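Every read-out reported here was derived from the displayed coordinates using simple, explicitly stated rules and does not represent laboratory data. Just so it is clear, the structure is predicted and the values come from calculations on it, not from any experiment. All Cβ positions, even for glycine, are placed from backbone atoms using ideal geometry, and neighbour counts span all protein chains on display.
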Amino acid sequence: MGCPGPFCWIPRVRRFGVTYGLKMCFQEPGGLKAWLMFSRSEASGNFDDAVKQRLRDLLPHLELALQIYSRLMLKETKAAIYSRSMSQLVIGAIIVDGSGRVIDLNDAARRLMAQSASIEIRRDRLFCKTPRPWPDLPLTLGSATFLPRSSTIRSC
């Protein structure tokens, strides 16, 4: 059953010695909201204007913190979706950054590499384990990111 009026909560909290309450709501641009609630007993007295102003001064910092939190949660969600998608692929997928460092690989790639006599990961980089059959084959597959667009990469 909902609260019939804006102050219906007062009798419920008075039994805990709460007489005064202060509630702040803030949100980030994406719509995520947060509330801070403060309470005081009759003996402590109501919140004065100085306390209320200090809380107002905190609002921009709280909004920024909530925005950062929201961005982190979005990144974590995207990473989880990406990870689940990668793990469901039946082909091996290895993700490398611009410098050739291995960022991630899926289970299929791990299985293939465990069985491979040709490719391994050392110091977060892909390496050929077998002698290079072609002199122009990069020492690391990660260096492929630095080849001219017209160049081709041959498999080990």
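What is the calculated FRET efficiency for Lys33 to Ser85, with r their C-beta to C-beta distance and R₀ = 25 Å, to the nearest 0.05?
0.25
Around Arg40, under 13 Å between beta carbons, what's the net of Lys plus Arg minus Asp minus Glu among the other residues?
+1
Please work out how much length the chain gains when fully extended from Met24 to Ala65, using 0.36 nm per residue of separation minus the C-alpha to C-alpha distance, in nm with one decimal.
Gain in length upon complete extension: 13.3 nm.
Could you work out the local net charge near Met86, counting Lys and Arg as +1, Asp and Glu as -1, over the other residues with Cβ closer than 12 Å to its Cβ?
0
Just need the relative contact order of the stretch 10-87 here, percent rounded to a whole number, with Cα pairs under 8 Å and 6+ apart.
Computed over the stretch 10-87, the figure is 28 percent.
Between Val51 and Ser99, what is the label-point separation in nm under the 7 Å Cα-to-beta-carbon projection?
Going by the 7 Å Cα→Cβ label model, 5.2 nm.
For Asn106, enumerate residues with amide H under 5 Å from its amide H, sequence gap 5+ or separate chain, H modeled in the peptide plane.
Here Ala93 satisfy the definition.
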